[in-house]
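Heads up, the thing below is written out as structure tokens.
The values are calculated or read from the model by the stated rules, or taken from the named source; none is laboratory data. Keep in mind the model is a prediction, meaning the values are calculated, not measured. Cβ placement follows ideal geometry from the backbone for every residue including glycine, while neighbour counts extend to all protein chains displayed.
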Amino acid sequence: MNKRERGRVSLISFLAIMGVLFFTWPCAAEEKGQGKEGEKPERLIVMAVQYPGVELPPDEDVTMDVIFNNKGRSGETVHVRVTKKPQGWKTRIKTYRYGVTAVFVPSGEDKTLTFEAVPDKDIAPGNYEFRVEAETPDGHFKMSRDILVKIREKEKGPVKAKGVKITTSYPVLQGPSDVKFEFSLEVDSKLEKDAVFDLFAQGPEGWVINFKPAFETKYISSVRLKANQTTTVAVEVKPVPMAKAGEYPFNIRVSSDDAKAEAKLTVILTGTYQLEVGTLTGLLSLDAGQGKPANMSFYVKNTGSAVNNNIKFMSFKPENWKVAFNPESIAAIQPGGLKQVEVTITPYEEALVGDYSVNVRVEGEKASKTMEFRVTVKASSAWGWIGIGIIFLVIAGLTVLFRYLGRR
């Protein structure tokens, strides 16, 4: 075999070996992958909390991730709850939108929930322990993690902004208590990296406070900002029903792991102005004689949340009729207060017998109501006796006439 033939044989052998490797490599890789998958247990899920121990200033909420890692070959549903919390704290497990009681974790994936704890305003410095427990529906896996929160002494002076800035052009809004108020906040990140900022609000008890993106209707609890990015967040405030007039302060806080800032907002309620008028029996009709006064009582009630001052009465009546009120006016009625008023209606002396309408208008500071009374005018009783007398005279005259004619 000469040199050219040997080179040809070597080339054919090389190509054959490469072909075998090309066709067998994917199978070997697949078998290797199957071997790794086969090394996973059928079921294995673990739970961890992001920060088992934290230290915070007073009046700051606790938020941290609760992480579930499924290392098994099958997906798992895990029920989660807070089983231990100190007095004076409100806790929940949530996502960015709503509260959560269970989560599904696919095989080989992680799922993250948020643990949130909100202290009362007067929480004292000290250590507070929480416990989060999780369990699969069949009870095969039971897990628990403790979280220790240390509240340090309150620092003197206002909270200083760090890494983020909150500004608003209108920190004070004014209006009645039956409307919603909406503040506009500019949240400016001073960080050199992307970050998720949690949004918190503290206000009067019973008031509803929500955060919204600018010009949108959905509610949010956090906002993601890029490095040195600014965004607008709306704060919607709804007063508790029948809230009294006055000033109500709010504390808004924006915070992430590396930044925090606070803003003070104020709502000034002017209260609502509403009146209710009527009679205790619901009856709005009365009888009256010609030129004779008739009395009826009605009440005026302040159903608003603000004091109603300088309440006056007006009447719309037939011509030549008289309407008087006792008292003639009411200086003020407190919210929920009730006053009784007596109205005297005197028909015209020559009014015809029949039904008439008399309207009474009650005018308050910023509210008014109107009632309609139906007055039935009846003939004077003197005319009744006169009629009876005429009848007797006619009968007597006829009797005398019959006797006189009978004699003739």
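Tell me whether the range 305-314 contains one or more residues that are farther than 30 Å from GLU247 by Cβ, part of a loop (DSSP other than H, G, I, E, B) and of a type outside the set (Asp, Glu).
There is no residue in the range 305-314 that is farther than 30 Å from GLU247 by Cβ, part of a loop (DSSP other than H, G, I, E, B) and of a type outside the set (Asp, Glu).
In the list GLU350, GLU328, GLU342, which residue meets the criterion of being modelled with pLDDT of 95 or more and not assigned by TED's automatic domain parsing to the domain that holds GLN174?
Exactly one of GLU350, GLU328, GLU342 is modelled with pLDDT of 95 or more and not assigned by TED's automatic domain parsing to the domain that holds GLN174, namely GLU342.
Filtering the range 298-311 down to residues that are loosely packed, with under 15 Cβ neighbours inside 10 Å and modelled with pLDDT under 95, which residue is farthest from LEU269 (Cα to Cα)?
Among residues in the range 298-311 that are loosely packed, with under 15 Cβ neighbours inside 10 Å and modelled with pLDDT under 95, the one farthest from LEU269 (Cα to Cα) is ASN310.
Check THR272 against each of (1) touching a strand residue (DSSP E or B) at 6+ places or on another chain (Cβ under 8 Å); (2) within 30 Å of GLU372 (Cα to Cα); (3) surrounded by 15 or more Cβ atoms within 10 Å (Cβ to Cβ) and name the one condition it does not meet.
Among (1) touching a strand residue (DSSP E or B) at 6+ places or on another chain (Cβ under 8 Å); (2) within 30 Å of GLU372 (Cα to Cα); (3) surrounded by 15 or more Cβ atoms within 10 Å (Cβ to Cβ), the lone unmet condition for THR272 is (1).
Looking at ALA367, ALA379, which is the one that is surrounded by 12 or more Cβ atoms within 10 Å (Cβ to Cβ) and over 26 Å from VAL277 (Cα atoms)?
Step by step, each of ALA367, ALA379 is checked, and only ALA379 is surrounded by 12 or more Cβ atoms within 10 Å (Cβ to Cβ) and over 26 Å from VAL277 (Cα atoms).
Is at least one residue of the range 141-149 touching a residue at least 24 places away in the same chain (Cβ under 8 Å), assigned by TED's automatic domain parsing to the domain that holds PRO86 and among the charged types (D, E, K, R)?
Yes.
Which count do you get for residues in the range 163-217 that are in a strand (DSSP E or B), over 14 Å from the mean Cα position of the chain (by Cα) and of a type in the set (Lys, Arg)?
1
Name every residue in the range 232-262 that is in a strand (DSSP E or B), crowded, with 20+ Cβ neighbours inside 10 Å and among the aliphatic types (A, V, I, L, M), in order of residue number.
Passing the criteria: VAL233, VAL235, VAL237, ILE252, VAL254, ALA261.
Taking the range 96-122 as the search range and keeping residues that are more than 24 Å from the chain's Cα centre (by Cα) and among the aliphatic types (A, V, I, L, M), which one is surrounded by the fewest Cβ atoms within 10 Å (Cβ to Cβ)?
Per the criteria, the residue is ALA102.
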